[in-house]
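The values are calculated or read from the model by the stated rules, or taken from the named source; none is laboratory data. Bear in mind the structure is a predicted one, so any value in this text is a computation, not a measurement. No Cβ is skipped: glycine too gets one built from the backbone with ideal geometry, and neighbour counts run over all protein chains shown. The accessibility values were calculated without ligands, DNA or RNA, using every heavy atom of the protein model including side chains. Shrake-Rupley method; radii C 1.70, N 1.55, O 1.52, S 1.80 Å.
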Amino acid sequence: MKAPTITTQVSRELGMAINHGIYLPGTRLPGERLLAESLHVSRSTVRMALEDLERQGRVARSPQRGWFVPSPTVGEPPSTLESFTEMARQRGHVPTAQVLEKSVRSATLDEANQLGIEPGAEVLALVRLRGMNSTPICVDQNVLPLALAHALLEVDLTDASLYESLQTHCAVSIYRSAYSVQAEAANADQAVLLRIPQGSPVLVGREIAYVRGGAPVLLGLNTYRGDAYRFHADLYRAE
């Protein structure tokens, strides 16, 4: 059996450091010289090991930033409606969800109008911090008519798919989503939750989800790290 080369050994060691969280997603690696000194190898060996990890998609390089660990990304395929959980799983990531708020309150006039319910009707307000592989990706805020989602009050939504939970516990199947995306700057609260500097770019998605019959059942406000979300769309010219 052929012994691994020094380059392979360095590549494995750096890969293990990434796996163990020594180098977190979205952070820059030490310079090649510092890595070579700490690993007691030549700088050329370090560069070849990094290039090997780059081919595996474990690291990336930028002329301005040097080598860094890329953040995991999510994004809907064109014209396909997927939940955050489905997007993460299909890309081989482990989706997480930390419940920050789950409460019952009265709908605002705007929420009532969008959901087609009476002003002041009770709604379920849900705020969760969504992540992949323990990396925070999105602050997910949802509002649902309590008459439809009452069963979710007794359901633990930690690390759960909201779409799947609605179908399983409330017999509500999301069929269509009207979705818009806008670039904004992270405020102080969002920056803390997403572990980014205040003012960093975020992508804010606003959603109204419908069942097959056309009734709106969910309002969503999703704030994604700008480096962790991609929006795809199929566009056609009018004839």
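Things worth noting here:
- The lone exception for Val172 - which of (1) modelled with pLDDT of 95 or more; (2) among the aliphatic types (A, V, I, L, M); (3) open to solvent by less than 50 Å² (accessible area, probe 1.4 Å) it fails: (1)
- Qualifying positions in the range 154-164 - hydroxyl-bearing (Ser, Thr, Tyr) and open to solvent by 10 Å² or more (accessible area, probe 1.4 Å): Thr158, Tyr163
- Residue in the range 166-177 that is under 30 Å from Thr27 (Cβ atoms) and among the basic types (Lys, Arg) present: no
- Residue count, the range 121-162 (criterion: part of a strand (DSSP E or B) and among the hydroxyl-bearing types (Ser, Thr, Tyr)): 1
- Residue match in the range 89-109 (condition: within 22 Å of Leu193 (Cβ to Cβ), part of a helix (DSSP H, G or I), among the β-branched types (Val, Ile, Thr) and modelled with pLDDT under 95): no
- Subset of the range 10-53 that is modelled with pLDDT under 85, of a type outside the set (Val, Ile, Thr) and in a loop (DSSP other than H, G, I, E, B) - its residue that is most open to solvent (accessible area, probe 1.4 Å): His20
- Just one of the listed residues (Ala191, Ala112, Ala151) is without any contact (Cβ under 8 Å) to a residue 24 or more places away in the chain, more than 17 Å from the chain's Cα centre (by Cα) and open to solvent by less than 20 Å² (accessible area, probe 1.4 Å), and it is Ala112.
- For Thr7, the stated conditions do not hold, so it cannot be described as surrounded by 14 or more Cβ atoms within 10 Å (Cβ to Cβ), at pLDDT below 75 and in a helix (DSSP H, G or I).
- For Arg61, the criteria (1) modelled with pLDDT of 85 or more; (2) among the basic types (Lys, Arg); (3) open to solvent by 90 Å² or more (accessible area, probe 1.4 Å); (4) closer than 30 Å to Gly226 by Cβ hold in every case but one, which is (1).
- Extreme residue, nearest to Ile18 (Cα to Cα), among residues of the range 35-70 that are of a type in the set (Lys, Arg) and in contact with a helix residue (DSSP H, G or I) (Cβ under 8 Å, 6 or more places away or on another chain): Arg58
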